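The values are calculated or read from the model by the stated rules, or taken from the named source; none is laboratory data. No experiment lies behind these values; they were computed from the predicted model shown. Virtual Cβ from ideal backbone geometry, glycine too; neighbours counted across all protein chains shown.
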Amino acid sequence: TVQTLLKLFPHDGAERKKRRTLLTSGPCCGGEGPIPQISYASTAPDLSDNSRYDFFSRVVPSDTYQAQAMVDIVRALKWNYVSTVASEGSYGESGVEAFIQKSREDGGVCIAQSVKIPREPKAGEFDKIIRRLLETSNARGVIIFANEDDIRHVLEAARRANQTGHFFWMGSDSWGSKIAPVLHLEEVAEGAVTILPKRMSVRGFDRYFSSRTLDNNRRNIWFAEFWEDNFHCKLSRHALKKGSHVKKCTNRERIGQDSAYEQEGKVQFVIDAVYAMGHALHAMHHDLCPGRVGLCPRMDPVDGTQLLKYIRSVNFSGIAGNPVTFNENGDAPGRYDIYQYQLRNDSAEYKVIGSWTDHLHLRIERMHWPGSGQQLPRSICSLPCQPGERKKTVKGMPCCWHCEPCTGYQYQVDRYTCKTCPYDMRPTENRTGCRPIPIIKLEWDSPWAVLPLFLAVVGIAATLFVVITFVRYNDTPIVKASGRELSYVLLAGIFLCYATTFLMIAEPDLGTCSLRRIFLGLGMSISYAALLTKTNRIYRIFEQGKRSVSAPRFISPASQLAITFSLISLQLLGICVWFVVDPSHSVVDFQDQRTLDPRFARGVLKCDISDLSLICLLGYSMLLMVTCTVYAIKTRGVPETFNEAKPIGFTMYTTCIVWLAFIPIFFGTSQSADKLYIQTTTLTVSVSLSASVSLGMLYMPKVYIILFHPEQNVPKRKRSLKAVVTAAAMSNKFTQKGNFRPNGEAKSELCENLEAP
């Protein structure tokens, strides 16, 4: 084939030398146009530019494929943050540029540092490079497009910086499987992943080359120089220096026997390049000179443009069995072997761990890393965010981010977004979703319900006991003197106050909430309306007594009941209006216990009675209570022998104290996490205590006399109402402290006379 190529050119030595130079150095213009070139080693991506190197072809893949293969390896290793190091020049800079371009196109890989090694590095230049790489220490993966010397200097600088095992190198085909860059630097280079165009050793070339001697290879003008360098000897005695310990070559040395020999990796590509040119010329000769032996006028001289078309069309099996083809840019297909430099049992070797042909085949289980064995090392900018954290990407660096936790009631929607849960939900423990907020209510077995229920049960029992006693002794003087009709009304109000506790603890629903609206204020209104009527009657009687001896109006039992029910009806009217304006219903309040920490958030099942509504509901009862207290104060000077003013006064004073304590406790705990329990307990206890005060001070003394001192519960001599009022007025005037009649006779006379038909 070589002889065929030489026949294409004139036999003139000078002209033939010129043509041979064109084949070697590149396309040029001359004769019938440019002469195509086929390279066996040039891999720079720039040579794929048809606008500049349109007559250039190569049997080795472009570094663009190599860059793509390296990007695929980086992604397979789950790295997303790497640095690059390149030797100054077309090979290094173009290779790194191609890697960066491919990483941007594919996405998911960011460049932390891109360092260039000068052609003539100064002292300390490589130490400076290592320091710069350490500025982004998370980028442990380093992509190297550099010559052998630069690679070695970088490894040496890493060892000096005590960074053995920190960086994980990924070398281009300039590193490949060569020993020179890693010699005596095995520990620093351990784990390095390198790439090399797929090739095989040509055995015929080994036999041929190992048989070459100075005698049978004189046509190669550089062979003598190679001989001296390979066998460490000198061919000329004049070149020997005293004391240099360099021997003279004997010509009996043999390649592979007296020196180490390893076939150059590009031998396969040299052969494929020659055969590609031969196949192109053969096809061209077949088309232009059919049936002719030797050259025909149409191929003498050869038209470079036509020859290029035949070169780009060749398709044959190369020396290694791989197809030799060219694409429209003159590039060969990308086929690479992937190696890893491994240390095993104190021996180092490049081990094949995969291949790349259009796509990656990587056997990760064959890989071994310093310090971590088969576990893949990390070369990432930021650690993955934990569940419940969103990524906040660093501007201009999509592989780097800050992890910000979703706070409050937020949950993680996707990698970059936190969103607030619906009002009735809270985030899960890992904040990857939402879950319903637990709903609480005051349970019957809650510690907060024990005291209110105890007071209510005891109070109801006591009230029923008093009612039964009064019914049984209904016609006795004590019962008559207490005003039977108003007493029963008052006891009914007290009973409702105690019964309200059960409504407040029961589970809120439509019925329960409606009953709460009705009876929460009604029981107190009934109680204080009856007491107010009593104190008002006493006040009017003794005020009338100061001016005349005639009895005031509306002091009969029927009048008193009418006044009492009139006062109670105002409360019922307000409740009816409330029902019309705002129908009763239960609600789940998720704001009441919406704590800062969503773990403690609770929804409160309650009736739709706000604090303001509660004030309005109890406000009328409070008004009656205050008015009753005022009358109690006004009648405080009336002798106790004539009326119930003083017991009623003590009752109202104590009740006011209870409700004055209720207000700060109830409204002061509105922000408490236990608001539901505290307020419900406070309200029910306050209502029960108010009822207990009335029951204890007004009725227990009477029951005591009825049951244990029946001798005091006997009829007295009747006097006219006029006489009684006159006596009361005179008693008040002179403030006498003693009883007018023995045996408590005057104590009940007033009420008895008022109650007489």
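Within the range 267-300, the set of residues being surrounded by fewer than 16 Cβ atoms within 10 Å (Cβ to Cβ) and farther than 14 Å from Phe316 by Cα comprises His286, Asp287, Pro290, Gly291, Arg292, Val293, Gly294, Cys296, Pro297, Arg298, Asp300.
Pick from the range 374-413 the residues that are aliphatic (A, V, I, L, M) and over 11 Å from the mean Cα position of the chain (by Cα): which of them is surrounded by the fewest Cβ atoms within 10 Å (Cβ to Cβ)? My answer is Leu383. Picking from residues in the range 301-332 that are touching a helix residue (DSSP H, G or I) at 6+ places or on another chain (Cβ under 8 Å), surrounded by 13 or more Cβ atoms within 10 Å (Cβ to Cβ) and under 21 Å from Ser201 (Cβ atoms), the one that is modelled with the lowest pLDDT is Ala320.
Can you tell me which residues in the range 545-562 are surrounded by fewer than 19 Cβ atoms within 10 Å (Cβ to Cβ) and either modelled with pLDDT of 85 or more or assigned to a helix (DSSP H, G or I) (or both)? Residues satisfying the conditions are Lys546, Arg547, Pro557, Ala558, Ser559, Leu561, Ala562.
Residues satisfying the criterion are absent from the range 533-544 (criterion: assigned to a helix (DSSP H, G or I) and over 24 Å from Pro647 (Cβ atoms)). Within the range 78-85, can one find any residue that is of a type in the set (D, E, K, R) and touching a helix residue (DSSP H, G or I) at 6+ places or on another chain (Cβ under 7 Å)? The answer is no; no qualifying residue exists.
Among the residues that make up the range 239-254, is at least one of them at pLDDT below 90 and in contact with a Gly (Cβ under 8 Å, 6 or more places away or on another chain)? No, the range 239-254 contains no residue that is at pLDDT below 90 and in contact with a Gly (Cβ under 8 Å, 6 or more places away or on another chain). When the residues of the range 333-373 are filtered to those that are of a type in the set (Asp, Glu) and under 19 Å from Arg75 (Cα atoms), the one that is farthest from the chain's Cα centre (by Cα) is Asp337. When Lys128 is tested against (1) surrounded by 15 or more Cβ atoms within 10 Å (Cβ to Cβ); (2) assigned to a helix (DSSP H, G or I), only condition (1) is not met. Of the residues in the range 585-592, at least one is farther than 19 Å from Leu491 by Cβ and touching a Cys at 6+ places or on another chain (Cβ under 6 Å). Do we have Tyr498 as under 30 Å from Leu515 (Cα atoms), under 52 Å from the mean Cα position of the chain (by Cα) and in a helix (DSSP H, G or I) here? Considered against the rule, which asks whether it is under 30 Å from Leu515 (Cα atoms), under 52 Å from the mean Cα position of the chain (by Cα) and in a helix (DSSP H, G or I), Tyr498 comes out as yes. Of the residues making up the range 126-180, those that are aliphatic (A, V, I, L, M) and either closer than 18 Å to Gly92 by Cα or free of Cβ contacts under 8 Å to residues at least 24 places away in the same chain (or both) are Ile129, Ile130, Leu133, Val142, Ile143, Ile144, Ala146, Ile151, Val154, Leu155, Met170, Ile179.
With respect to the stated conditions, Val154 fails to be assigned to a strand (DSSP E or B) and crowded, with 18+ Cβ neighbours inside 10 Å.
The strands (runs of 3 or more DSSP E) located wholly in the range 294-395 that include 3 or more residues which are touching a residue at least 40 places away in the same chain (Cβ under 8 Å) occupy 335-344, 347-357, 359-362. What do you reckon, is Ser569 within 57 Å of the chain's Cα centre (by Cα) and surrounded by fewer than 18 Cβ atoms within 10 Å (Cβ to Cβ)? Here the answer is no, as Ser569 does not meet what is asked. Residues in the range 175-196 that are crowded, with 24+ Cβ neighbours inside 10 Å and not hydrophobic (A, V, I, L, M, F, W, C): Pro181, Thr194. Of everything in the range 414-435 that's part of a loop (DSSP other than H, G, I, E, B) and among the acidic types (Asp, Glu), which residue is surrounded by the most Cβ atoms within 10 Å (Cβ to Cβ)? Across the range 414-435, the extreme among qualifying residues is Asp424.
Could you tell me whether Asp206 is surrounded by fewer than 15 Cβ atoms within 10 Å (Cβ to Cβ) and not β-branched (Val, Ile, Thr)? Criteria not met by Asp206. Restricting to the range 290-331, what's the tally of residues that are farther than 15 Å from His279 by Cα and under 59 Å from the mean Cα position of the chain (by Cα)? Total meeting the criteria: 8. If you check Tyr704, Tyr653 for being assigned to a helix (DSSP H, G or I), aromatic (Phe, Trp, Tyr), at pLDDT 85 or above and more than 56 Å from the chain's Cα centre (by Cα), only one passes: Tyr704.
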